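Participant: Below is a structure I'd like to ask you about.
The values are calculated or read from the model by the stated rules, or taken from the named source; none is laboratory data. Quantities reported herein were computed from a predicted structural model and do not represent experimental measurements. Cβ placement follows ideal geometry from the backbone for every residue including glycine, while neighbour counts extend to all protein chains displayed. Note: accessible area is taken over every heavy atom of the protein model, side chains too, but ligands, DNA and RNA are not part of it. Shrake-Rupley method; radii C 1.70, N 1.55, O 1.52, S 1.80 Å.
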Amino acid sequence: MIRILDWETIRPEEILNRDIRAEADVGAAVDAVIADVRKNGDAALLRYTERFDGVSLTALEVTAAEMDAAWAALDEDFKTTLQMAADNIRRFHERQVQSDFVLADRPDIVMGQRYTPIRRVGVCVPRSPEAFPSTILMNVIPARIAGVEEIFVVTPPDQTGAVSPEALAAAKIAGADRIFKVGGAQAVAALAYGTETIPAVDKVVGPGGIFVATAKRKVFGQVGIDMIAGPSEILVLSDGDSDPAWVAADLLSQAEHDVCASAVLVTDSRPLAQAVQRELEEQLAALPRRDIAAKALNDNGKIIVTADLSAAVEAVNRIAPEHLELCVADPFALLPQIRNAGSVFLGRSAPEALGDYFAGPNHTLPTSGTARFSSPLGVDDFRKRSSFLYYTREALAEAAPRIAEFARREGLEAHARSVLSRRQTKEKGETD
């Protein structure tokens, strides 16, 4: 059963234990997989797919015929749902696009900043039990808006060797260029280093379990990564007027992900806390994934009772959750007080699942307390900033003595001379 704790007496280690570093044996296993894929390429990928996914493939890439068949097999109503979700996601992320700028307000000096898209990106999509079409939409669409030239999706096949029609339809709608039937650490290694079939990319994004997260950590530097994601989290901050059945349902929506998921209620109402505790037990019985959800609640779930909503906000900012629901009478009044949260859901009619699938803001979010310093996936994750500057010779000559002094105070004489030398030599073609 989920525990009820008092904020005033809770110990720091009881708030959340969310260490996402891999155990040594996981790290060693991932090292071996990466080395194998680097050495043996497609052969290693096919071998791991047979071992871990239970299917023997002859080819890794989803064909055009498979794409067409999946599109034809999918019902029109769900296609419409996917398209509506994609439109919402696209509309939200288009507002994130930053503009280049140029500063030319001083004579003889020009400087500025420009954005360029990453050339090639790989998106990891887990399968549990089907590849998540929502993950494809949330990762591919911002990359496409950013101007990425090539977007690849990697996802494990099912035991028939197929990728679900839902996932392939999502890839088509989002604009993915190629899809490969491979998952796990081996997929990350393939994207980072390339194989005969899968070209190496410049950045790897997307969620996964501990093996994917560990592989992303290990290939960082060879490629960029979005983040090291831990288990899914939800924190519901609620006053005493929320429906306990709604709150319980929202907590379970994350607890059913996996046994390491974290579901937390913070409330200033002990009666609500007790009612939610009872509701969780009742609703668990009807869930297909009740064993997973029950273990997640028992091991990682908490109901924290605070003296008032001000203390509840303090708890939220300490925990820095991935998903935060503000189930209170005036959520907009509390929003300015929230410093640390991946995505905030305002009011009693905005359950976390709304953001997972449909509304538009990204569902790839910082976990494990990293919302203290990081942000949801967005368009900027697929673009690079470059600065540029131009000085005329006269403008440089005016600044040179100060630059040289600065360099010499740091003990860097060659820096100073590189600037001063331009005052002492003539440009090509210059006459006295």
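Participant: Let me know the Kirkwood hydrodynamic radius for region 96-210, please, with Cα pairs as the basis and the value in Å to one decimal. List each step's numbers first, then the result.
Facilitator: Numbers: mean 1/r = 0.0650 Å⁻¹.
Value: 15.4 Å, from the Cα pair sum.
Participant: Take the Cα atoms of region 33-79, find their three principal axes, and give me the spread along each one in whole Å, biggest first.
Facilitator: Principal extents (Cα only, largest first): 44, 19, 17 Å.
Participant: Something else about it: For the chain, take the longest principal axis of its alpha carbons; what is the angle in degrees between that and the long axis of helix 42-53, to the nearest 10 within 0 to 90?
Facilitator: Rounded to the nearest ten degrees, it is 20.
Participant: For region 64-69, just list the computed ³J(HN,Hα) in residue order, Karplus coefficients 6.51, -1.76 and 1.60, θ = phi - 60°, integers in Hz, with x standing in for Gly and Pro.
Facilitator: 4, 5, 5, 4, 5, 5
Participant: Separation of region 255-285 and region 92-115 by C-alpha centroid, Å?
Facilitator: 48 Å
Participant: Residue by residue through region 178-193, what is 3J(HN,Hα) from phi via Karplus (6.51 cos²θ - 1.76 cosθ + 1.60, θ = phi - 60°)? Round to whole Hz and write x for glycine and proline.
Facilitator: 9, 10, 10, 8, 7, x, x, 4, 5, 5, 4, 4, 4, 5, 6, 10
Participant: For labels at Arg393 and Glu61 in the simple 7 Å Cα→Cβ model, what's the distance in nm?
Facilitator: It works out to 5.4 nm between the two label points.
Participant: Please give the charge dipole size of the chain, origin at the Cα centre, charges +1 on K and R Cβ atoms and -1 on D and E Cβ atoms. Round to the nearest 20 debye. Display every interim value, and only then the final one.
Facilitator: On the way: 47 positive and 62 negative charges, 369 e Å.
The dipole magnitude comes to about 1780 debye.
Participant: Additional query: How many percent of DSSP beta bridges within the chain run antiparallel, rounded to 5?
Facilitator: Working: 15 of 53 bridges.
Just about 30 percent of them are antiparallel.
Participant: Let me ask another. Farthest toward the dipole's positive end in the chain, which of Val212, Val140, Ala192, given Cβ charges of +1 (Lys, Arg) and -1 (Asp, Glu) about the Cα centre?
Facilitator: My answer, from the dipole projection, is Ala192.
Participant: Based on the Cβ-Cβ distance from Ala307 to Ala359, what FRET efficiency comes out when R0 is 25 Å, to the nearest 0.05?
Facilitator: 0.15
Participant: Right, here's the next one. How large a share of the accessible area of the chain, in percent, is made up of carbon and sulfur atoms when the probe is 1.4 Å and the other protein chains stay in place? Don't skip to the answer; put the middle values down first.
Facilitator: Details: 10880 of 21260 Å².
About 51 percent, which is the carbon plus sulfur part of the accessible surface.
Participant: Can you pull the Rg over Rh of region 137-272, Cα-only, Kirkwood? All intermediate terms of the calculation are to be shown ahead of the outcome.
Facilitator: Numbers: Rg = 18.7 Å, Rh = 17.3 Å.
Ratio of gyration radius to Kirkwood radius: 1.08.
Participant: Mind listing the long-range amide H neighbours of Thr197? Cut-off is under 5 Å, sequence gap 5 or more, other chains count too, H placed in the peptide plane at 1.01 Å from N.
Facilitator: Amide H neighbours of Thr197, under 5 Å, 5+ apart: Asp42.
Participant: Can you tell which of Ala294, Thr63, Gln274 lies farthest toward the positive end of the dipole of the chain, using +1 and -1 charges on the Cβ of basic and acidic side chains (Lys, Arg; Asp, Glu)?
Facilitator: Farthest along the dipole direction, towards plus: Thr63.
Participant: Same structure again: What full-extension length gain, to one decimal in nm, is calculated for Arg51 and Leu103 as 0.36 nm per residue of separation minus the Cα-Cα distance?
Facilitator: On the way: separation 52, 0.36 × 52 = 18.72 nm, distance 5.71 nm.
Full-extension gain reported as 13.0 nm.
Participant: Angle between the Cα long axis of helix 413-424 and the longest principal axis of the chain, 0 to 90 degrees, nearest 10?
Facilitator: 40 degrees
Participant: Quick one: give the max-minus-min coordinate of the C-alpha atoms of region 65-145 along each principal axis, largest first, in Å.
Facilitator: 64, 24, 23 Å, listed from the longest principal axis down.
Participant: State the extension gain, in nm to one decimal, for the chain segment bounded by Arg178 and Ala43, taking 0.36 nm per residue of separation less the distance between their alpha-carbons. Could the numbers behind the result be given before it?
Facilitator: Working: separation 135, 0.36 × 135 = 48.60 nm, distance 1.94 nm.
My answer for the length gained is 46.7 nm.
Participant: What order do you get for 229-238, 215-224 when each peptide is scored by the mean count of other beta carbon atoms within 10 Å, highest first?
Facilitator: On the way: 229-238: 25.2, 215-224: 18.9.
So the peptides 229-238, 215-224, ranked by packing, come out 229-238, 215-224.
Participant: Suppose each label sits 7 Å from its Cα in the direction of the beta carbon; what would the Asp330-Asp291 distance come out to in nanometres?
Facilitator: 4.9 nm
Participant: Could you identify which residue out of Ile319, Ile141, Ile338 has the top mean-square fluctuation in a GNM of the chain using Cα springs shorter than 10 Å?
Facilitator: Sorting by GNM fluctuation, first place goes to Ile338.
Participant: Over the chain, give the accessible area per residue in Å² for a 1.4 Å probe, as an integer.
Facilitator: I get 49 Å² per residue for the chain.
Participant: Under a no-solvent Debye model with one identical scatterer per Cα of the chain, what's log10 I(q)/I(0) at q = 0.06, 0.07, 0.09, 0.12 Å⁻¹?
Facilitator: -0.33, -0.44, -0.68, -1.03
Participant: State log₁₀ I(q)/I(0) for region 350-432 at q = 0.21, 0.25 Å⁻¹ as given by the Debye formula over alpha-carbon point scatterers of equal weight, solvent excluded.
Facilitator: The computed values of log10 I(q)/I(0) come out as -1.03, -1.20.
Participant: Then there's this: Under a 5 Å amide H to amide H cut-off, with H placed in plane at 1.01 Å, what residues pair with Thr364 once short-range neighbours are removed?
Facilitator: For Thr364, whose amide H was placed from the backbone, the distant partners under 5 Å are Leu377.
Participant: Explain nothing, just compute: Karplus ³J(HN,Hα) = 6.51 cos²θ - 1.76 cosθ + 1.60, θ = phi - 60°, for every residue of region 400-410 in order, whole Hz, x for Gly and Pro.
Facilitator: 4, x, 6, 5, 5, 4, 4, 4, 5, 5, 9
Participant: What figure in square angstrom, to the nearest 10, would you give for the accessible area of His363 with a 1.4 Å probe?
Facilitator: The accessible area of His363 comes to roughly 30 Å².
Participant: Between Thr81 and Asp31, with labels modelled 7 Å along Cα→Cβ, what's the label distance in nm to one decimal, could you check?
Facilitator: The answer from the label model is 4.5 nm.
Participant: Kindly sort Arg91, Arg51 by accessible area of their heavy atoms, largest first, with the probe set to 1.4 Å. Show your work: numbers first, answer last.
Facilitator: Working: Arg91 185, Arg51 145 Å².
Sorted by accessible area, descending: Arg91, Arg51.
Participant: Under 10 Å, Cα contacts only: if you run a Gaussian network model on the chain, which one of Phe373, Phe92, Phe152 comes out with the highest mean-square fluctuation?
Facilitator: Comparing Phe373, Phe92, Phe152 in a Gaussian network model of the chain, the most mobile one is Phe373.
Participant: Rank Ala213, Ala43, Ala312 by mean-square fluctuation in a GNM of the chain with C-alpha springs under 10 angstrom and give only the top-ranked residue.
Facilitator: In the Gaussian network model the winner is Ala43.
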